[in-house]
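The values are calculated or read from the model by the stated rules, or taken from the named source; none is laboratory data. This one's a predicted model, so the numbers in the text were calculated from it and none came from an experiment. Virtual Cβ from ideal backbone geometry, glycine too; neighbours counted across all protein chains shown. Protein only, heavy atoms only, side chains kept; ligands, DNA and RNA dropped before computing areas. Shrake-Rupley method; radii C 1.70, N 1.55, O 1.52, S 1.80 Å.
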Amino acid sequence: KYKSGSVELATVTGIQPHCLFVEFDVFTGYIQRKKCLDFNSYIDDVMENGDLITVEILGYNKKHRKFDVIIDSI
């Protein structure tokens, strides 16, 4: 179901200096802030834990047992 390019509704569960964590269904997604580019400097101003956002799945990271995702829209 969660293939590369899929777009999913996710809940923000952690905002860290270098990344964000989101959850969708029973899975965790990992967003690298550097992949957000221009939006990176505004994340702390517009986003908080519990917010719903849509993410695009890049793939599953077996090493970290999380999906690598990017923000599609907030």
Query raised in the report: What is the spread of the Cα atoms of the chain along each of their three principal axes, largest first, in whole Å?
Result: 32, 21, 18
Report summary line: Karplus ³J(HN,Hα) for the stretch 43-52 (6.51 cos²θ - 1.76 cosθ + 1.60, θ = phi - 60°; Hz, whole; x = Gly/Pro) runs 3, 5, 7, 10, 10, 9, 4, x, 5, 9
Query raised in the report: Hey, what do the phi angles of the stretch 16-21 turn into as Karplus ³J(HN,Hα) couplings, whole Hz, using 6.51/-1.76/1.60 and θ = phi - 60°, x for Gly and Pro?
Result: 10, x, 10, 7, 10, 10
Report summary line: Taking the dipole of the chain about the Cα centre (Lys, Arg +1; Asp, Glu -1; charges at Cβ), the one of VAL7, GLY59, MET47 that reaches farthest to the positive side is GLY59
**Report entry** Rounded accessible area of CYS19 (nearest 10 Å², 1.4 Å probe)
**Finding:** 10 Å²
Report summary line: Computed over the chain, protein heavy atoms only, probe 1.4 angstrom, the accessible area per residue in square angstrom equals 66 Å²
Report summary line: Expressed in square angstrom to the nearest 10, the accessible area of SER4 with a 1.4 Å probe stands at 90 Å²
Query raised in the report: Of the beta bridges DSSP finds with both residues in the chain, what % are antiparallel, to the nearest 5?
Result: 90 percent
Query raised in the report: Using unit Cβ charges (K, R positive; D, E negative) and no other charged atoms, how large, in debye to the nearest 20, is the dipole of the chain about its Cα centre?
Result: 580 debye
Report task. Quick one: which residues, 5+ away or cross-chain, put their amide H under 5 Å from the amide H of SER6? H built at 1.01 Å from N. Result -> ILE57
Query - Accessible surface of the chain [probe 1.4 Å, protein heavy atoms]: carbon and sulfur percent - result: 49 percent
